[in-house]
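Values quoted throughout were computed directly from the atomic coordinates according to the rules given, and no laboratory measurement underlies them. What you see is a predicted model, and the numbers here were worked out from it, not measured in a lab. Glycine gets a Cβ as well: all are built from the backbone with ideal geometry, and neighbour counts include every protein chain shown.
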Amino acid sequence: MGLRQLDFFRKLNTDIGDTSSSLGGFLTIIAFALVTILTMNECRLFFITELNYQTVIDNDSEQFIKVHLDIIIGAPCMVLSLDQQDEVGVHVMDVSGTLKKISLDKDRHVLPSIDNNERPNYSGSEQELIDAIKAINQGDQCQLKGFFQINKVPGNFHISYHAHHYLIQRIHQRELQTFRKLKLDHTIYDLRFGEISSAKLKKYSKSLQKFQLPWKQIEKSVPEGEKQDYEYYINALPVKFYDVNELNYQTLYKYSINEASMPRTFTEIDSIYFKYQISPVNMVYSIQKKSVYHFIVQLLAIVGGVFAVIGILNSIIQKAM
């Protein structure tokens, strides 16, 4: 007897007859339409990831940052070098190894590579001077492509003739007209901080991709007979997030670049400077997805709520008629 009183699923007596109406059918269609629309919207929200972030002081034990560079300079490789310098006293001349020098002709076709280290007594020789003068007069160019590491402190890396200044002085003394042809016109195809490549970045959500936008090519040149110093000022902000695939934190670098140039006389030596500053503040992002249980509860609430409200509305209308 007690259980029968708790029955919420009582069946109507069949003797009552058909109680359906056109109004009930119309309200049922509205109910199903609302359930469909709200369910689709809830499914969309379920599959959207949410980004939560907090600002923290950098406490990462990692000391170095990778810099990826792809640049073509309008001067032969044999007179060029990329040097590093920072505020803790590091000064590296002619960075090599993972940063490759690729010799190009004036039309930017790759030239056969020659390892001068295998040629004894070549450095400082007359043959080196002759080859350098010939390369400059032919309009040979140089591509620096690869990566190198910098300390997480303010500093700069620059492209110039510093590591080969003795050769440059000899060219100036031997053939002044050839020396005047030396200038650092350049095209930057890629400049990127951190480990994450452009291909890997595409695997992440669009909300994360916006922090490291594709590099916009920069091209600089001056008329023949003129020279300029180029300076790029880079402010980099580390952005960390948890990679659910690799189960560790990854770091992107959101950075802004400002540039300036200063004219040089044809007897002076020009250079390209990249001055960087790494922010000590990190933006730490966490990607959150809605719980499956929460999703199921929301669906049940939609179905139950819509039909309850439509039922109440139907009762009110029926009494009013």
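What is the sum of charges around D229, taking Lys and Arg as +1, Asp and Glu as -1, for the other residues whose C-beta is under 14 Å from the C-beta of D229?
For residues surrounding D229, the net value is -1.
At 7 Å along the Cα-to-beta-carbon direction for both I130 and E259, put a label point, then send me their distance in nm to one decimal.
Going from the I130 label point to the E259 one covers 3.9 nm.
Taking a ≥ b ≥ c as the square roots of the eigenvalues of the Cα gyration tensor of segment 26-91, is the shape rounded (a/c under 1.5), prolate (a/b larger than b/c) or oblate?
oblate
Taking 7 Å along the Cα-to-C-beta vector as the label spot, tell me the F47-V110 distance in nanometres, rounded to one decimal.
In this crude label model, F47 to V110 measures out at 4.2 nm.
What percent do you get for the relative contact order of segment 64-204 when only Cα pairs under 8 Å and 6+ apart count? Let's see the in-between values first.
Working: 239 pairs, mean separation 64.4, N = 141.
Value for segment 64-204: 46 percent.
Local charge sum around V110 (other residues, Cβ-Cβ under 15 Å, Lys/Arg +1, Asp/Glu -1)?
With Lys, Arg at +1 and Asp, Glu at -1, the neighbours total +1.
Given segment 55-286, what whole percent of its Cα pairs are spread farther than 30 Å?
32
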